Amino acid sequence: MWPQTPEQRLHSWYQLRLDTADMPLESCLAAVNDWWFLAPINSRYLHWDDVDNWPTPWELLNDNIFCDVARALGMLYTIAIIERPEITELSMFQTDEDNLVQINQGKYILNWGNQQVVNINSVTSTEIKKHISSENFQHVIR
């Protein structure tokens with residue numbers, strides 16, 4: 001169940017980061033993916049053309065408005081803040097149908113579906129329309 005108040009969401013998100021920090025990487029990524037799939041989804045909130053105005057992770061949780069882009073952004077923020085040493089690359093990309101989070105050059109893909117962590121082989125036929133690295137958000141999460 002998705003936490004109802006901003007304080008509950010922040011606490012739950014904090015607990016998620018604590019719980020996943022020492023898990024094996026695949027378990028960590030699955031837990032992050034699953035947690036964000038609990039968020040109630042709206043049709044539109046964030047748009048790729050407005051990336052410079054996207055909310056910080058704390059604003060995202062406070063606003064409690066999640067579209068597919070916002071959910072992927074939440075996943076990206078969460079993983080970036082956890083700072084797993086085995087994650088060498090973290091980015092988000094848009095395809096014709098999805099907004100996905102890519103870890104380690106596509107070894108892992110999140111936001112594909114609930115309880116699904118896939119790899120790039122699952123999405124190779126998909127054309128990437130837009131792409132942004134977690135490095136673009138370092139000033140937001142530090």
Which of these, 51, 32, 69, has the largest mean-square fluctuation under a Gaussian network model of the chain (Cα springs below 10 Å)? 51
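How much length is gained on full extension from residue 26 to residue 58, taking 0.36 nm per residue of separation minus their Cα-Cα distance? All intermediate terms of the calculation are to be shown ahead of the outcome.
Values: separation 32, 0.36 × 32 = 11.52 nm, distance 2.49 nm.
The span from residue 26 to residue 58 would gain 9.0 nm if fully extended.
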Return the single residue from 87, 103, 79 with maximal mean-square fluctuation; model: Gaussian network over the chain, springs between Cα atoms under 10 Å. 87
Taking 0.36 nm per residue of separation and subtracting the Cα-Cα distance, what length does fully extending residue 48 through residue 19 add? 7.4 nm
Which whole-Hz couplings ³J(HN,Hα) result when phi for each residue of segment 52-67 is put into the Karplus expression 6.51 cos²θ - 1.76 cosθ + 1.60, θ = phi - 60°, listed in order with x for Gly and Pro? 5, 10, 4, x, 5, x, 5, 5, 4, 5, 5, 5, 6, 10, 10, 9
When the chain is modelled as a GNM with alpha-carbon springs shorter than 10 Å, which of 63, 98, 34 fluctuates the most? 63
Given all pairs of different Cα atoms, what value in angstroms does the Kirkwood hydrodynamic radius of the chain take? 15.1
Using alpha carbons only, how many angstrom separate the centre of segment 69-95 from the centre of segment 1-51? 11
Put a dot 7 Å past each Cα toward the Cβ at residue 135 and residue 7; how far apart are the dots in nm? 4.0
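Rule-based calculations on the coordinates, nothing more; no lab input. Note that this is a predicted model, so its numbers are computed, not measured. Please note: Cβ atoms are built from the backbone with ideal geometry, for glycine as well, and neighbour counts cover all protein chains shown.
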